[in-house]
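A short write-up of the structure that comes next.
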């Protein structure tokens, strides 16, 4: 406990009860220390740099009878995964994130790329400069999808961030092939036993070319 917190606690109790007891001073000191302790809090994104992987975040909940919490600049954005595989969601101003304040300085850990154990040179603890942000949204599962893994978005890319090839919906493909039907002997040209199959393959190819591709889901 810092001497400043202890002094403030003693002065607060003196104003309220006169001469405080040691127990009262200790209790008020602990309460005052907890009041300034940062742990986890929801936040609202003010601005974001996806290329740098950071955002400026304003805490969404202020303490009672306290001034508005200042914005926390340059907060690293976390994403689920590792260097080999990950899930990344777009983040924009106004989105919600969960702010987590680290127990120790993250300077050396960030400089290492987050891939090895380091010793913190700065003794600070639970400091806003050591916060990280995890994008999140409140709410339960989509209706009827409580046991499903749902990926929702207007631009979903599978494989790499540069994926550009759209997908054909399975139901659309199945319905189109069934409508086309199987090759029959009626398509055969005289003396060409393979003509029905060839004609059917050409029709199938033309059909596949005409099917709409997904504009929301792309693969690489």
Legend entry - 38, 126 arranged by Cβ crowding within 10 Å, fewest neighbours leading: 126, 38
Inset, instruction - For each of 101, 86, count neighbouring Cβ atoms within 10 Å of the residue's Cβ, then give the residues from fewest to most. - result: 86, 101
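Arrange the following residues from fewest to most other Cβ atoms within 10 Å of their Cβ: 37, 99.
Working: 37 10, 99 21.
Fewest-to-most Cβ neighbours within 10 Å comes out as 37, 99.
We did not get these values from a lab; they are worked out from the coordinates using the rules stated. None of these values were measured; they are calculated from a predicted model. A quick note on method: Cβ atoms are made from the backbone with ideal geometry, for glycine too, and the neighbour counts reach across all protein chains shown.
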